[in-house]
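**Q** First the structure, which I've put down as structure tokens, then a few questions once you've had a look.
The values are calculated or read from the model by the stated rules, or taken from the named source; none is laboratory data. Predicted model, so just to flag it, every value in this text is computed and none were measured. Positions of Cβ are backbone-derived with ideal geometry, glycine not excepted, and every protein chain shown enters the neighbour counts. Just the protein is used for accessible areas: all its heavy atoms, side chains included, with ligands, DNA and RNA removed. Shrake-Rupley method; radii C 1.70, N 1.55, O 1.52, S 1.80 Å.
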Amino acid sequence: MNVITTKNAPAAIGPYSQGIISGNTVYCSGQIPVNPETGAPAEGGITAQTEQSCKNVAAVLEAAGTSMKNVIKTTCFLADMADFAAFNEVYAKYFTSHPTRSCVAVKDLPKNVLCEIEAVAELS
């Protein structure tokens, strides 16, 4: 296993890695919409927060040597399922390969953000 670390995505806020490479697969930890430069959640509601979460996933994948086009599975967490349509609109711009996906509503997310995205991808 190889641990992936990048300054272009938020640092882990617990005992976990931003990503792990095992074999030809990259496993990205859930990325919340925190700006890695400021440490603050993105402002502007679900659209802005989805954009930031997607950018954070992309940064971890890039650090691993792959990209969003190689994502095969995502798991998405929403604080409110009423945000589903707006979330999907932004998500579709980033995950153009249409990976398999689970999307669930949860009671709370770290730092009271509105979404979190984790991904599994093949190496390029």
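**Q** Let me spell it out: the conditions are (1) touching a Phe, Trp or Tyr at 6+ places or on another chain (Cβ under 6 Å); (2) touching a residue at least 24 places away in the same chain (Cβ under 8 Å); (3) within 15 Å of A121 (Cβ to Cβ), and T50 meets all of them except one. Which number is the exception?
**A** (3)
**Q** Inspect all residues belonging to region 12-34 and state whether any of them is modelled with pLDDT under 95, touching a helix residue (DSSP H, G or I) at 6+ places or on another chain (Cβ under 8 Å) and not small (G, A, S).
**A** Checking region 12-34: at least one residue is modelled with pLDDT under 95, touching a helix residue (DSSP H, G or I) at 6+ places or on another chain (Cβ under 8 Å) and not small (G, A, S).
**Q** Restricting attention to region 39-57, and to residues there that are among the small types (G, A, S) and in a helix (DSSP H, G or I), which single residue is surrounded by the fewest Cβ atoms within 10 Å (Cβ to Cβ)?
**A** Per the stated criteria, the residue is G45.
**Q** Being under 19 Å from Y91 (Cβ atoms), open to solvent by less than 70 Å² (accessible area, probe 1.4 Å), of a type outside the set (A, V, I, L, M) and part of a loop (DSSP other than H, G, I, E, B) narrows it down to one of P36, P10, so name that one. Explain how you work it out, then say what you get.
**A** Details: P36 fails: under 19 Å from Y91 (Cβ atoms).
Checking each option against the conditions leaves just P10.
**Q** For region 69-124, which residues satisfy the criterion of being under 12 Å from the mean Cα position of the chain (by Cα) and open to solvent by 60 Å² or more (accessible area, probe 1.4 Å)?
**A** Selection gives K73, E118.
**Q** Could you tell me whether any residue of region 58-66 is free of Cβ contacts under 8 Å to residues at least 60 places away in the same chain, in a loop (DSSP other than H, G, I, E, B) and out of contact with any strand residue (DSSP E or B) (no Cβ under 6 Å at 6 or more places or on another chain)?
**A** Taking region 58-66 first, the residues free of Cβ contacts under 8 Å to residues at least 60 places away in the same chain are 58-60, 62-63, 65-66.
Subsequent filtering for residues that are in a loop (DSSP other than H, G, I, E, B) retains 65-66.
Restricting the remaining residues to those that are out of contact with any strand residue (DSSP E or B) (no Cβ under 6 Å at 6 or more places or on another chain) gives 65.
Yes, the conditions are met somewhere in region 58-66.
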